[in-house]
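Chemist: Take a look at the following structure, please.
Nothing in this text is a laboratory measurement; each read-out follows from the coordinates by a stated rule. What you see is a predicted model, and the numbers here were worked out from it, not measured in a lab. All Cβ positions, even for glycine, are placed from backbone atoms using ideal geometry, and neighbour counts span all protein chains on display.
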């Protein structure tokens with residue numbers, strides 16, 4: 001080969017023999033540049049194509065938070081299942097990073113849900129297990145009538161000495177000396193009433209020391225003072241009438257009785273005491289239990305008559321007094 005001028009030396013080219021910028025990309029054979037040909041720190045960001053840094057190019061444990069731009073990492077940059085607990089910094093998973101409806105019971109540590117984490121009115125009946133509510137969970141005074149089911153306050157639930165008059169449904173107001181009685185037709189089925197069982201509620205009496213005579217064959221008082229008034233305190237009270245007086249009958253038969261107002265309490269002819277003596281003295285005694293069924297004033301009086309024939313019946317005398325007594329007895 002012929003040359004103009006000097007013949008070139010037969011020696012290898014060095015970097016000093018190559019001018020800057022002379023070797024273009026087209027001059028470099030594909031795959032000819034290896035790591036040894038690249039100077040340290042010579043590959044800058046501009047030299048790296050988009051998406052050229054694959055997982056195989058990144059050394060283990062070299063990526064930390066300073067290498068990641070804010071909001072730059074999304075699901076497409078992670079291999080499935082590649083982000084584990086050790087890759088996450090403390091407190092790095094905020095509420096905004098968690099998808100809706102992604103937290104369930106397996107993600108909670110036992111005992112980690114406290115009062116501050118439960119929104120108001122979120123504990124519904126369905127969330128409470130059976131038989132879990134006891135006295136320590138109630139605010140004092142919080143259980144009112146609306147919260148107690150019907151017929152659920154049993155005898156065992158009522159403290160001793162806890163029921164007083166105000167707690168009972170009674171049809172009338174109390175009175176001293178009255179007792180509580182069952183009255184099915186009244187409000188609540190209970191009524192205050194005068195003490196019963198034969199208790200004497202009041203006594204009214206009168207006496208007459210005069211002699212009274214009649215020849216009438218009809219019952220008359222013969223102007224006797226053996227009459228009295230009494231006002232029962234209850235309609236179911238009984239009135240015990242007791243009469244005691246002397247008598248004298250001249251002949252044939254006589255009778256004495258007790259009237260309540262205008263009603264004869266004895267037999268129409270023979271009354272409550274029948275006399276069959278002639279020309280003799282005797283004692284007339286009557287004990288009669290009456291049921292007036294009233295709380296109005298009642299008059300009780302002794303009446304006498306001749307039963308047959310012509311005779312005179314005399315009640316009482318100047319040497320002794322006759323008596324009439326009325327006792328009200330509670331039912």
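Chemist: Take residue 205 and residue 236, extend 7 Å from each Cα along the Cα→Cβ direction, and tell me the distance between the two endpoints in nm.
Modeler: 2.9
Chemist: Only one of the values [x] 20.4; [y] 22.2; [z] 34.0 was calculated from this structure for Kirkwood radius over Cα pairs in Å; name its label.
Modeler: [z]
Chemist: Set the Förster distance to 51 Å, then compute FRET efficiency between residue 162 and residue 97 from the Cβ-Cβ distance, nearest 0.05.
Modeler: The computed FRET efficiency comes out at 0.30.
Chemist: Which distance in nm do the two modelled labels at residue 82 and residue 153 give, with both placed 7 Å along the Cα-to-Cβ direction?
Modeler: 7.1
Chemist: Arranged by the count of other C-beta atoms within 10 angstrom, fewest first, what order do 275, 283 take? Mind dumping the intermediate values first?
Modeler: Working: 275 22, 283 11.
Final ranking by Cβ density, sparse to dense: 283, 275.
Chemist: Sorted by packing (mean other beta-carbon atoms within 10 Å per residue), highest first, where do 13-20, 244-251 land? The partial results should precede the final answer.
Modeler: Working: 13-20: 7.2, 244-251: 19.4.
Result, highest mean Cβ count within 10 Å first: 244-251, 13-20.
Chemist: Here's a follow-up. If the chain between residue 172 and residue 267 were fully stretched, how many nm would it gain, using 0.36 nm times the residue separation less the Cα-Cα distance? Spell out each step's value before the answer.
Modeler: Details: separation 95, 0.36 × 95 = 34.20 nm, distance 4.01 nm.
The span from residue 172 to residue 267 would gain 30.2 nm if fully extended.
Chemist: Starting from the 7 Å offset along Cα-to-Cβ, what nm value, one decimal, do you get for the label separation of residue 23 and residue 136?
Modeler: 8.3
Chemist: Give me the Kirkwood hydrodynamic radius of segment 200-329, using the inverse of the mean 1/r over all pairs of distinct Cα atoms, in Å to one decimal.
Modeler: That comes to 14.7 Å for segment 200-329.
Chemist: Expressed as a rounded percentage, what relative contact order does the chain have, with Cα pairs under 8 Å and six or more residues apart? Show your work: numbers first, answer last.
Modeler: Details: 437 pairs, mean separation 59.2, N = 331.
Relative contact order comes out at 18 percent.
Chemist: Would you compute, for the Cα atoms of segment 133-227, the largest minus smallest coordinate along each principal axis and list the three values in descending order, in whole Å?
Modeler: On the principal axes, segment 133-227 reaches 92, 24, 19 Å in Cα extent.
Chemist: Please rank 139, 204, 43, 83, fewest neighbouring Cβ atoms within 10 Å first, as an exposure proxy.
Modeler: 139, 43, 83, 204
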